[in-house]
Amino acid sequence: MLFQLFLSFVQVGLFSVGGGYAAIPLIKSSIIDTHGWITLSEFTDLITIAEMTPGPIAVNAATFVGIKVADIPGAFVATFGCILPSCFIVSLLAYAYRKYHSLPLIQDMLSGLRPVVVALIASATISIVQMVVVNGKAADLTGIVLMVAAFCLIHFRKLNPIIAMVGCGAASLVVHGLFGVPLS
Amino acid sequence: METKERKPSLVTLFFSILYISAFTFGGGFVIVTFMKKKFVDQLHWIDEEEMLDYIALAQSSPGAIAVNASILVGWKIGGLAGMLIAVLAAIIPPMAIITAISFAYQAFASNRIVAMALRGMQAGVGAVMLDVVFTLGGNVLKQKSWILIVLMIASFLAAYLYDVNASILILTVLALVLAGNLAKRIQKGRKS
């Protein structure tokens, strides 16, 4: 059982290129459809949890399914399986990068990719900013004020980003919790 | 919180990634943004271009972007030991949190206090991401190369408006660079 769990998550780790949501259909087909280790509604819960908590979805899923199937050892086996392919493949890439990144052709490729990466980060940023600015259908004033304030502190005052984020969480607790501003 | 420069150490590597991994949610690009902030802007262990290369590699390899980026940063800072430490630091927080939550999911998901704090933290994540995008985007513009600027704008539109998959974008640009190189070489061949 543990070995099957391990193999299933090696598969998830190996074939989910592009991270995040790319892993969801893979997890669904192998964990739910083939093995029936968790139900579809547990799977939906899992995605909700994954969105609310830190960490990659695949790692969250591996831990969650692992616990359901074989408790804490299951969590370890599944998570280990899920990151094992990355460890090999990306380490090879790290080696290749060190060795070849100064070749002219590779230099050209890398300098072409950098603006693409910036664009990808920008695109992810806009989606998050939208989520902050608009809550349901109305504008979320608390979110906008917090975000602008945090941005200024980080950009101009070099405030530590993690402190800024935890600070925003705390401020939101005060505004919504103590002053009773409704959440949505 | 001025920029503090420290010599690369495995302990700092471990705790830096542990913190980032424990506090950032919202997908791979969020965590690599925080990594860029930490390792490029604060610790100065990696330069900006190399970090962007890592993100491209992490994005195009199988597996979670956060884990892949940790592997690359780990190798860079501390070789094999650095890689193992970085991966551990990246997966300990989500494993611990999911383990705790899976025993008390209902209470967690319906807790109003949790929802309020998370809502505020999203604003913080947005702010950090905006900061990094302004810095990175500004640096691309500063290079004053129209090809790079067009690439950036076109990829942004493709990713944001048309939901083009990141891996496909990366492959397309690689193919374009290859084709450009080939064209150059053919021209050279004709001249000689």
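Summary of values
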| item | result |
| --- | --- |
| Kyte-Doolittle mean at least 1.0, axial Cα span of 15 Å or more - DSSP H helices of chain B | B:10-23, B:65-102, B:112-142, B:146-160 |
| CD proxy at 222 nm, helix term only [per DSSP H run n ≥ 4: -39500 (n - 2.57); per residue of the protein assembly as shown; nearest 500] | -26000 deg cm²/dmol |
| Whether chain A is rounded, prolate or oblate, judged on the alpha carbon gyration tensor where a/c under 1.5 counts as rounded | oblate |
| For the stretch A:84-134: rounded, prolate or oblate by the Cα gyration tensor [a/c cutoff 1.5] | oblate |
| Coil-residue trypsin sites (Lys or Arg not before Pro) of the stretch B:75-151, DSSP, other Cβ within 10 Å capped at 15 | B:144 |
| Positive dipole terminus of the protein assembly as shown, leading residue within A:125, B:169, A:78 (C-beta point charges) | B:169 |
| Partner chain coverage, peptide B:133-144 - average Cβ within 10 angstrom | 3 |
| Coil-residue trypsin sites (Lys or Arg not before Pro) of the stretch A:130-184, DSSP, other Cβ within 10 Å capped at 15 | A:137, A:158 |
| Loop chymotrypsin sites (Phe, Trp or Tyr not before Pro), the stretch B:88-192 (other Cβ atoms within 10 Å of the site Cβ: 12 or fewer; DSSP) | B:103, B:162 |
| Global geometry of the stretch A:2-100, whether rounded, prolate or oblate, following the gyration tensor of its Cα atoms and the 1.5 cut on a/c | prolate |
| Cα-centre dipole for the protein assembly as shown with unit charges at Cβ (Lys and Arg positive, Asp and Glu negative), debye to 20 | 1100 |
| Charged-residue dipole, Cβ positions (Lys, Arg, Asp, Glu), the stretch A:1-146 about Cα centre, Debye nearest 20 | 400 |
| Exercise: per-residue mean of other protein chain Cβ atoms within 10 Å, A:1-10 | 0 |
| Links that overshoot a 23 Å alpha carbon limit, given the list A:28/B:36; B:76/B:144; A:99/B:142; B:7/B:76 | A:28/B:36; B:76/B:144; A:99/B:142 |
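Each reported figure results from applying straightforward, stated rules to the coordinates on display, with no laboratory input. What you see is a predicted model, and the numbers here were worked out from it, not measured in a lab. Using ideal geometry, Cβ is built from the backbone for each residue, glycine included, and neighbour counts are taken over all protein chains shown.
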